[in-house]
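Novice: Quick one: structure below, then a few questions.
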Amino acid sequence: GTYSVTAQLTSNGKTVTSNAVTIVVDRTPPQVVVSTLVPAPSASDVVLVAPIVAGFSEPLLPSTVTSTTITIQTASATTLPTTVSLSGDGKTATLAITSDKGITLDQAFTGTFSSSITDLAGNPLAHLATAWSWDVPAWIKYAPLNSNSPPLLAVGSNYQPIVAYTVCGPGTPASSCPTIMHVAVSDGQAWNDIGIPGTGAITTDAAIFVDAQNHPIVAWGDETTSGVGEVIFAAWDGTAWQSTTYPPIVLSAAEGVNVDDIALTLDGTGHPVVAYRADIFNPSTKTDIYVASWTGTAWNTSFGAVGDPSSKTFDIVLNDQNEPIVSVVDTTNNSGVFLWTGSSWASTAGAGATNASVALDASGNPVMLNSVTTNWVPEHLTNGTWLPTVSIPVPSSTTSSSPSIANTTDRLPVVAWYDPAQSPSAIGLARWTGTAWDNRAGFANGGNFPNGFPPQLIVDARNAMWIAWAENQKIYVWMSNY
């Protein structure tokens, strides 16, 4: 219980009483509150990099809560390196695994608590009667979605995927299926289809991103009633699709009557920067690639055309100064980047890439995959020259194709590709560790044959790797736990 204690001294008939002191007599050991454990006991499909949390029945002595008194072990008895933090009220411990080196998944993990953990009165933590174990797979596999085209993928700050994909109307034969875009948002358990962002939206010339509220925004090409090309945007507000958040980007008559492809990135403030290719009559009569950025109130189209009317694929990133970099592979298979100098575009060819996917290196320079050699080698542009970023080629087969590249938060390259050498064919994934390629996740396959398009590749803020691809009239979204 809690007691208020005073001391009294009587001398020569006089009594002096001290100030009261509160004393708590505590002989009750603290306990782990099982309902607070994250992951829950016996949980499956657990994300390796997600926080591990345990709550307690009373405040603990902070000095007794460390990475040696709360440990995470694999089924093979390997203790994982972790960091442990205790909440301000002393009742919640949060752990993070700091390295997955040497781990082989799928595997069960177990959390244990030492009896040297005590409460503030020194009572040791009671033994946890329920085994705290959970399963961590190599891949977190989301349910496939029926679709007749490759997906568009985005990942929110809540680390949940959002996909744009096309579906057929009820009773429509697959051979004549209209390419009507739908968007689905995952809550971690199931997909929630939030409908059609706009009429005529198709994934082959569209792009998707996520705002600060984890709401999707879709951009696609269309044509105005007066026959001029435009880029249209639809933003999900949590209830319905809105067309007024971002007004359309309308091309001039000289720029083209249609927009046949779009690439998109976000600047440091979360505003979109979009690259779009225009054509006059059809995609074989292209005019150029144009760039526009959102100022917060309007589109800034002063970047104009990059100066490439013959691109086959293109992509866009921003350097550390928020300046756009547009990468291209031309119809003649010439490849390189266009750099914004502040007033005009400057081009550097010779990247040797077969896909325009682009990332950044540690210095903010563009990185593309040189495919002149047998296997791809990431190369960065420095002082006008493309130089190898890493010393070892990507561990793909000689028949692999359609590579996509991204970078981790510390600017190390990650590559995904289509690999027909697998049986059946599959999507490969590898991360550069600084000394070698880590491809422990293996190959992704939904049970049939991927369609050979470049897989969608995203590395989120936790450095978790996401891929999405189309396969046998379905799209798949998987996240690697490596």
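Novice: When N counts the residues of the stretch 322-457, how does its alpha-carbon radius of gyration compare numerically with 2.2 N^0.38 Å, as a ratio?
Specialist: On the way: Rg = 14.9 Å, N = 136, 2.2 N^0.38 = 14.2 Å.
Here the Cα radius of gyration is 1.05 times the empirical estimate.
Novice: Please compute the contact order of the stretch 319-380 in relative form: average sequence separation of alpha-carbon pairs under 8 Å and at least six residues apart, divided by the residue count, as a percent.
Specialist: Details: 120 pairs, mean separation 15.6, N = 62.
The value is 25 percent.
Novice: Next question. Which FRET efficiency value, to the nearest 0.05, is calculated for Ala298 and Ala75 with the Förster distance at 41 angstrom and r the Cβ-Cβ distance? Write out the running numbers ahead of the final one.
Specialist: Numbers: r = 57 Å, r/R0 = 1.38.
With R0 = 41 Å, the Cβ-Cβ based efficiency is 0.10.
Novice: With a probe of 1.4 Å, find how much accessible area the stretch 8-92 has per residue, and write the answer as a whole number in Å². Walk me through the numbers before you get to the answer.
Specialist: On the way: 5040 Å² over 85 residues.
Heavy-atom SASA per residue in the stretch 8-92 reads 59 Å².
Novice: According to the Cα gyration tensor, what semi-axes, each the square root of 5 times an eigenvalue, does the equivalent ellipsoid of the stretch 72-179 have, listed from largest to smallest in whole Å?
Specialist: Values: eigenvalues 419, 58, 34 Å².
The answer is 46, 17, 13 Å, longest axis first.
Novice: Moving to a separate point now. Let me know the shape class of the stretch 223-321, please: from the alpha-carbon gyration tensor, a ≥ b ≥ c as square roots of the eigenvalues, rounded when a/c is under 1.5, otherwise prolate if a/b is greater than b/c, or oblate.
Specialist: Details: a/c = 1.96, a/b = 1.25, b/c = 1.56.
Oblate is the answer for the stretch 223-321, as a/c is 1.5 or above yet b/c matches or exceeds a/b.
Novice: Sticking with this one: At 1.4 Å probe radius, can you tell me the per residue accessible area of the stretch 342-426 in Å²?
Specialist: Values: 3370 Å² over 85 residues.
In whole numbers, the stretch 342-426 has 40 Å² accessible per residue.
Novice: Let me ask another. To two decimal places, what compactness ratio does the stretch 46-109 give when its Cα radius of gyration is scaled by 2.2 N^0.38 Å?
Specialist: In units of the globular-protein estimate, the stretch 46-109 measures up at 1.18.
Novice: Whole number in Å², please: accessible area per residue of the stretch 210-267, 1.4 Å probe, ligands, DNA and RNA not counted. Walk me through the numbers before you get to the answer.
Specialist: Details: 2450 Å² over 58 residues.
Accessible surface, normalised per residue, equals 42 Å².
Novice: Within the set of other residues whose C-beta is less than 15 Å from the C-beta of Ala416, count the net charge using Lys and Arg as +1 and Asp and Glu as -1.
Specialist: On the way: positive: Arg431, Arg440; negative: Asp315, Asp419, Asp438, Asp460, Glu471.
Combined, the nearby Lys, Arg, Asp and Glu give -3.
Novice: Please state the relative contact order of the stretch 77-193 as a whole percent: Cα pairs under 8 Å, 6+ residues apart? Spell out each step's value before the answer.
Specialist: On the way: 149 pairs, mean separation 17.0, N = 117.
14 percent.
Novice: Shifting gears a bit: How fast does the stretch 384-454 diffuse by Stokes-Einstein, in µm²/s, taking the Kirkwood radius from C-alpha pairs at 25 °C and 0.890 mPa s?
Specialist: Details: Rh = 12.9 Å.
Result for D is 190 µm²/s.
Novice: Relative contact order for the chain: what is it in percent, counting Cα pairs under 8 Å that are at least 6 residues apart?
Specialist: Working: 1219 pairs, mean separation 44.2, N = 482.
Dividing the mean separation by the residue count of the chain yields 9 percent.
Novice: While we're on this one: At q = 0.10, 0.12, 0.13 Å⁻¹, what log₁₀ I(q)/I(0) does the chain have when each alpha carbon counts as one equal point scatterer in the Debye sum?
Specialist: These q points yield log10 I(q)/I(0) values of -0.82, -1.09, -1.23.
Novice: For the chain, which whole percent of the accessible surface, found with a 1.4 angstrom probe, sits on carbon and sulfur atoms? Working shown, then result.
Specialist: Values: 11240 of 21520 Å².
Of the solvent-accessible surface of the chain, carbon and sulfur hold 52 percent.
Novice: Scaled to the compact-protein estimate 2.2 N^0.38 Å, what is the alpha-carbon radius of gyration of the stretch 1-121, rounded to two decimal places?
Specialist: On the way: Rg = 21.5 Å, N = 121, 2.2 N^0.38 = 13.6 Å.
Normalised Cα radius of gyration, the stretch 1-121: 1.58.
Novice: Where Lys and Arg each count +1 and Asp and Glu each count -1, what net charge lies around Pro144 among other residues with Cβ under 13 Å from its Cβ?
Specialist: Numbers: positive: Lys141, Lys474; negative: Glu471.
Net charge in that neighbourhood comes out at +1.
Novice: Between rounded, prolate and oblate, where does the stretch 310-371 land on the alpha carbon gyration tensor, with a ≥ b ≥ c its root eigenvalues, rounded for a/c under 1.5, else prolate if a/b exceeds b/c?
Specialist: On the way: a/c = 2.19, a/b = 1.41, b/c = 1.55.
It is oblate, given that a/c is not under 1.5 and a/b is not larger than b/c.
Novice: Among the lysines in the chain, how many pairs, 8 or more places apart or on different chains, have alpha carbons under 28 Å apart?
Specialist: On the way: Lys101/Lys141; Lys141/Lys474; Lys286/Lys312; Lys312/Lys474.
For the chain, the number of qualifying lysine pairs is 4.
The values are calculated or read from the model by the stated rules, or taken from the named source; none is laboratory data. Everything quoted here is computed from the prediction, not taken from an experiment. So basically every Cβ, Gly included, is an ideal-geometry build from the backbone, and we count neighbours across all protein chains shown. For accessibility, only protein heavy atoms count, side chains too; no ligands or nucleic acids. Shrake-Rupley method; radii C 1.70, N 1.55, O 1.52, S 1.80 Å.
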